[in-house]
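*Asks:* Quick one: the structure is below, questions incoming.
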Amino acid sequence: MRLSKMHLRTLREVPAEAEIASHILLLRTGMIKKLVSGVYGFMPLGWRSVRKIEDIVRDEMDKAGGQEILMSAVQPAELWEESGRWTQYGPELWRLKDRNGRDFCLGPTHEEIFTDIVRNDVSSYRQLPMNLYQIQTKYRDEARPRFGLMRSREFIMKDAYSFDKDREGLDQSYNDMFRAYEKIFTRAGLTFRPVEADTGAIGGSGSHEFTALSEVGESEIAYCDACQMAATSERAAFVDDPATSEERKPMEEVHTPGTKTIEEVAGFLGLEKKQTIKALLFVTYDDGGEENGYVAAFVRGDRELNMTKLINLLDIPEHAIAFADEEKLEAATGAVGGFTGPVGLHHCKIVVDSELTGQQNLCAGACKVDHHILNVNYGRDYEGDLIGDIKMLLPQDPCPVCGAPIKYARGIEVGQVFKLGTKYSESMGATYKDENQKEQFIVMGCYGIGVTRTLAAVVEQHHDENGIIWPMSVAPYHAIITLMKPEDPDQKALGEKIYEELGEAGVEVLLDDRKERPGVKFKDADLLGIPVRITVGRDAADEKVEYKLRREEETLSVSAADAIAAAIKIVNEER
RNA sequence: CGGGGUGUAGCGCAGCUUGGUAGCGCAACUGGUUUGGGACCAGUGGGCCGCGGGUUCAAAUCCUGCCACCCCGACCA
């Protein structure tokens, strides 16, 4: 491609709307264009990189036994009603009506559609296992689109679904996908980490996220250097402090004026934070959005509540719970803001962190203004409706696997794999006949990769202050030939010759033949970050050029023939 | 959804406090001089000043309602 003919518009200045490197650089290189908040279009260079990622994904998916299909982004509400997600999914589901008032949505994901295909087409164990995937535009009406392609309302996703006879088959399919994902992200040039993840609203029994490490990432992962443990912060399990066997003392109400926070109470009474009980109060909503109950969650004073774990324990959708309005709650349950404890609460579901059941003589709120109770003991003084691990694993806490101190890192979630099990096949009736002519539910898995988010993650990990530094596999072009003076006959001839020969060798090459000053071309070449850079200038008459691989490498003065050979070699090694 | 900020030429911004009918840099176009790291000179074109309502002889500027966009938080298969 000749730059003089290409639709390319680079920006000299940083667009006001962008804050992080990938967003700034994708806009400055003219690779993406914003239409409205969270909706982007791809210009020639941007689209080429998207397709590079798609092709890596296709290649590895096909090798892992997947078959590519393409379903519509428009989905009828009926299927979502069958699975129960039409009401469960919440406002992120982009809903629309046709002219007759019939309900549809733009697919945020396609479990219902793929389950529907398979329940119609699959009837025998002989047809299983099967893996179908598509690369397609997805829609999620995000509350807050952010950072360009990182969190957008329209984005390109690869979604795959596996269909197996049983759990063992699913485990195999899941592992195949897991390995394919490792290859895909490695080929895309990402530094990433697979981490155990929560299954969220999509449901199911097991999941990993593939997280590209980055400070600007929105995912938080807890990991351990001493062993292989790595999990999202909301998923990471916690091993409770060992139960103590202190003698249980009688409860004692104490006057603790103005001590609303754990720090204040502990300080006032001369206790450690771990000797207290922290209360968190929530209101829950039914499907119609009406309030239908209260929840009080209790964790040890030195712990933090993990909302995801709480929601999973309660087994309710994410949007069905919110922090409670204190005054309303007080009338209904006896809770008092800042002085709520598990003793004396009523009309309220009580959720107790498992750790509290083994600890003696703790201090809790008395459900009475300016009062706390000492020596509260689980079993004797209060009980929970639900008991489980509802606390965050924080940095320095002991690793649940090996006990070493936990570390935290941030990252961009570029892919996720789920074991769905029979959640959708049961709700939607997807069955097959086994060898004994018995009807069985198909066991499913689903596997997503955010293609456009992966592009953003690659730029986030591969750039410097002058521009993008593409890995070969994802670069829009492999090489760029810069003509210093395109009107100089020697330069023009040599440039064209190199352009020809590289093209014939299968190298994707740009020829910068624009009538611009050298500085402009160099700045654009830096910004675009095409890996192989060949500059044709004053030594063109002697068939000599400058050759450079990426910005960190040295610039070499070599013959045109050597530059061509070097370019072909490196492109074939790294593509 | 809560808090904060911003909307003026394709991009980046000034003007608004103190109303008088819009300006700078970059980009674009013409001519000339330049030519190895975002050139220079001269000239040209381009604006419903986010949208509506109000105050006023007069509104980019003051009042008011709405909308859009960005950031923090809530939320996020």
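*Asks:* Since A:Glu554 meets every condition but one in (1) farther than 27 Å from A:Ser22 by Cα; (2) modelled with pLDDT under 95; (3) touching a strand residue (DSSP E or B) at 6+ places or on another chain (Cβ under 9 Å); (4) of a type outside the set (Val, Ile, Thr), which condition does it not meet?
*Replies:* (1) is the only condition that A:Glu554 fails.
*Asks:* Sort out which residues of the range A:287-336 are basic (Lys, Arg) and open to solvent by 50 Å² or more (accessible area, probe 1.4 Å), and write them in order of number. Talk me through it step by step, then tell me what you get.
*Replies:* The first filter runs over the range A:287-336 and keeps only residues basic (Lys, Arg), leaving A:300, A:303, A:309, A:328.
Across the range A:287-336, the qualifying residue is only A:Lys328.
*Asks:* With the structure loaded, tell me whether A:Arg153 is open to solvent by 30 Å² or more (accessible area, probe 1.4 Å), at negative phi and within 15 Å of RNA strand B (Cβ to nearest atom) or whether it fails that test. Outline the logic, then answer.
*Replies:* Numbers: open to solvent by 30 Å² or more (accessible area, probe 1.4 Å): yes; at negative phi: yes; within 15 Å of RNA strand B (Cβ to nearest atom): yes.
Yes.
*Asks:* Moving to a separate point now. Please go through the range A:353-406 and pick out each residue that is open to solvent by less than 40 Å² (accessible area, probe 1.4 Å) and of a type in the set (Asp, Glu).
*Replies:* Those that are open to solvent by less than 40 Å² (accessible area, probe 1.4 Å) and of a type in the set (Asp, Glu): A:Asp353, A:Glu355, A:Asp381, A:Asp397.
*Asks:* Same structure, new question: Got a sec? Which strands (runs of 3 or more DSSP E) wholly within the range A:179-247 have at least 3 residues that are touching a Gly at 6+ places or on another chain (Cβ under 7 Å)?
*Replies:* Of the strands (runs of 3 or more DSSP E) lying wholly inside the range A:179-247, those with at least 3 residues that are touching a Gly at 6+ places or on another chain (Cβ under 7 Å) span A:206-213.
*Asks:* Looking at the range A:418-443 only, could you name the residues that are open to solvent by less than 70 Å² (accessible area, probe 1.4 Å) and out of contact with any strand residue (DSSP E or B) (no Cβ under 8 Å at 6 or more places or on another chain)? Show your work before the answer.
*Replies:* To start, the set of residues in the range A:418-443 that are open to solvent by less than 70 Å² (accessible area, probe 1.4 Å) comprises A:418-422, A:424-425, A:427-432, A:434, A:440, A:442-443.
The answer is A:Ser427, A:Met428, A:Gly429.
*Asks:* To continue, here is another question. Where residues in the range A:27-40 are open to solvent by less than 50 Å² (accessible area, probe 1.4 Å) and of a type in the set (A, V, I, L, M), which of them is farthest from RNA strand B (Cβ to nearest atom)?
*Replies:* As a first pass, look at the range A:27-40 and keep what is open to solvent by less than 50 Å² (accessible area, probe 1.4 Å): A:27-32, A:38-40.
Adding the requirement that they be of a type in the set (A, V, I, L, M) leaves A:27, A:31-32, A:39.
On the way: A:Leu27: 9, A:Met31: 14, A:Ile32: 12, A:Val39: 8 Å.
That would be A:Met31.
*Asks:* Let me ask something else about it. From the list A:Gly206, A:Gly169, which one is among the small types (Gly, Ala, Ser), in contact with a strand residue (DSSP E or B) (Cβ under 6 Å, 6 or more places away or on another chain) and surrounded by fewer than 19 Cβ atoms within 10 Å (Cβ to Cβ)?
*Replies:* On the way: A:Gly169 fails: in contact with a strand residue (DSSP E or B) (Cβ under 6 Å, 6 or more places away or on another chain).
Of the residues listed, the single one that is among the small types (Gly, Ala, Ser), in contact with a strand residue (DSSP E or B) (Cβ under 6 Å, 6 or more places away or on another chain) and surrounded by fewer than 19 Cβ atoms within 10 Å (Cβ to Cβ) is A:Gly206.
*Asks:* All but one of (1) closer than 30 Å to A:Thr115 by Cα; (2) touching a residue at least 24 places away in the same chain (Cβ under 8 Å) hold for A:Pro44; state the number of the condition that does not hold.
*Replies:* Here A:Pro44 meets the rest and fails (1).
*Asks:* Determine which member of the set A:Asp176, A:Asp159 is in contact (Cβ under 8 Å) with a residue 60 or more places away in the chain and more than 21 Å from A:Ala231 (Cα to Cα).
*Replies:* On the way: A:Asp176 fails: more than 21 Å from A:Ala231 (Cα to Cα).
Within the list A:Asp176, A:Asp159, the selection yields A:Asp159.
*Asks:* Determine which single condition A:Tyr499 fails, assuming it passes every other condition in (1) farther than 15 Å from A:Met1 by Cα; (2) among the hydroxyl-bearing types (Ser, Thr, Tyr); (3) in a helix (DSSP H, G or I).
*Replies:* (1)
*Asks:* A further question on this structure: Yes or no: A:Val50 near RNA strand B (Cβ under 7 Å from one of its atoms), modelled with pLDDT of 90 or more and among the aliphatic types (A, V, I, L, M)?
*Replies:* No: the conditions fail for A:Val50.
*Asks:* Hydrophobic (A, V, I, L, M, F, W, C), more than 16 Å from RNA strand B (Cβ to nearest atom) and either out of contact with any His (no Cβ under 6 Å at 6 or more places or on another chain) or part of a loop (DSSP other than H, G, I, E, B) (or both): which single residue out of A:Val351, A:Val369 fits that description? Outline the logic, then answer.
*Replies:* Values: A:Val351 fails: more than 16 Å from RNA strand B (Cβ to nearest atom).
After ruling out the rest, the residue left standing is A:Val369.
*Asks:* So, in the range A:1-26, of the ones that are part of a helix (DSSP H, G or I) and open to solvent by less than 20 Å² (accessible area, probe 1.4 Å), which residue ends up nearest to RNA strand B (Cβ to nearest atom)?
*Replies:* Within the range A:1-26, the first condition is being part of a helix (DSSP H, G or I), and the residues that meet it are A:21-26.
Pick out the ones that are also open to solvent by less than 20 Å² (accessible area, probe 1.4 Å) and you get A:22-23, A:25-26.
Working: A:Ser22: 11, A:His23: 7, A:Leu25: 11, A:Leu26: 13 Å.
Selected residue: A:His23.
*Asks:* Take A:Thr276 and tell me if it is more than 24 Å from A:Ile387 (Cβ to Cβ) and surrounded by 18 or more Cβ atoms within 10 Å (Cβ to Cβ). Talk me through it step by step, then tell me what you get.
*Replies:* Working: more than 24 Å from A:Ile387 (Cβ to Cβ): no; surrounded by 18 or more Cβ atoms within 10 Å (Cβ to Cβ): yes.
Here the answer is no, as A:Thr276 does not meet what is asked.
*Asks:* How about the range A:229-250: which of its residues are open to solvent by 80 Å² or more (accessible area, probe 1.4 Å) and in contact with a strand residue (DSSP E or B) (Cβ under 9 Å, 6 or more places away or on another chain)?
*Replies:* Within the range A:229-250, A:Arg235, A:Arg248, A:Lys249, A:Pro250 qualify.
*Asks:* How do the strands (runs of 3 or more DSSP E) wholly within the range A:41-146 filter down when requiring 3 or more residues that are open to solvent by 10 Å² or more (accessible area, probe 1.4 Å): which remain? Outline the logic, then answer.
*Replies:* Values: elements: A:74-76, A:94-97, A:103-106, A:130-139.
Counting at least 3 such residues, we get A:94-97, A:103-106, A:130-139.
*Asks:* For A:Gly450, state whether it is within 12 Å of RNA strand B (Cβ to nearest atom), touching a Leu at 6+ places or on another chain (Cβ under 7 Å), farther than 25 Å from A:Arg12 by Cβ and at pLDDT 95 or above. Steps first, please.
*Replies:* Details: within 12 Å of RNA strand B (Cβ to nearest atom): yes; touching a Leu at 6+ places or on another chain (Cβ under 7 Å): no; farther than 25 Å from A:Arg12 by Cβ: yes; at pLDDT 95 or above: yes.
Considered against the rule, which asks whether it is within 12 Å of RNA strand B (Cβ to nearest atom), touching a Leu at 6+ places or on another chain (Cβ under 7 Å), farther than 25 Å from A:Arg12 by Cβ and at pLDDT 95 or above, A:Gly450 comes out as no.
*Asks:* For residues that are over 11 Å from the mean Cα position of the chain (by Cα), of a type outside the set (D, E, K, R) and closer than 19 Å to A:Thr452 by Cα, tally how many sit in the range A:214-243.
*Replies:* The number of residues fulfilling the criteria is 2.
*Asks:* Could you say whether any residue in the range A:257-268 is within 30 Å of A:Glu218 (Cα to Cα) and crowded, with 18+ Cβ neighbours inside 10 Å?
*Replies:* Going residue by residue through the range A:257-268, those that are within 30 Å of A:Glu218 (Cα to Cα) are A:261-263.
Add one more test, that the residue is crowded, with 18+ Cβ neighbours inside 10 Å, and what stays is A:262.
Within the range A:257-268, one or more residues are within 30 Å of A:Glu218 (Cα to Cα) and crowded, with 18+ Cβ neighbours inside 10 Å.
*Asks:* When you scan the range A:504-551 for strands (runs of 3 or more DSSP E) that lie fully inside it, which ones turn up with 2 or more residues that are farther than 26 Å from A:Leu26 by Cα and open to solvent by 30 Å² or more (accessible area, probe 1.4 Å)? Steps first, please.
*Replies:* Numbers: elements: A:509-512, A:532-536, A:544-549.
Hits in the range A:504-551: A:544-549.
*Asks:* When you scan the range A:304-342, how many residues do you find that are in contact with a helix residue (DSSP H, G or I) (Cβ under 7 Å, 6 or more places away or on another chain) and either not aliphatic (A, V, I, L, M) or not in a strand (DSSP E or B) (or both)? Before you say what the answer is, go through the steps one by one.
*Replies:* So in the range A:304-342, the residues in contact with a helix residue (DSSP H, G or I) (Cβ under 7 Å, 6 or more places away or on another chain) come out as A:311, A:317-318, A:321, A:335-337.
If we keep only those that are either not aliphatic (A, V, I, L, M) or not in a strand (DSSP E or B) (or both) as well, we get A:311, A:317-318, A:335-337.
So the count comes out to 6.
*Asks:* Determine whether the range A:8-30 contains at least one residue that is closer than 23 Å to A:Glu142 by Cβ and touching a Pro at 6+ places or on another chain (Cβ under 8 Å). Please lay out each step first, then the result.
*Replies:* Taking the range A:8-30 first, the residues closer than 23 Å to A:Glu142 by Cβ are A:15-27.
Retained after the next criterion (residues that are touching a Pro at 6+ places or on another chain (Cβ under 8 Å)): A:24, A:27.
Yes, the range A:8-30 has at least one match.
*Asks:* Let me ask you something else. Touching a helix residue (DSSP H, G or I) at 6+ places or on another chain (Cβ under 8 Å) and within 30 Å of A:Arg151 (Cβ to Cβ): is that true of A:Ile412 in this structure? It would help to see each step written out before you state the result.
*Replies:* On the way: touching a helix residue (DSSP H, G or I) at 6+ places or on another chain (Cβ under 8 Å): yes; within 30 Å of A:Arg151 (Cβ to Cβ): yes.
Criteria met by A:Ile412.
The values are calculated or read from the model by the stated rules, or taken from the named source; none is laboratory data. None of these values were measured; they are calculated from a predicted model. Using ideal geometry, Cβ is built from the backbone for each residue, glycine included, and neighbour counts are taken over all protein chains shown. These area figures cover heavy atoms from the full protein model, side chains too; ligands, DNA and RNA do not enter into them. Shrake-Rupley method; radii C 1.70, N 1.55, O 1.52, S 1.80 Å.
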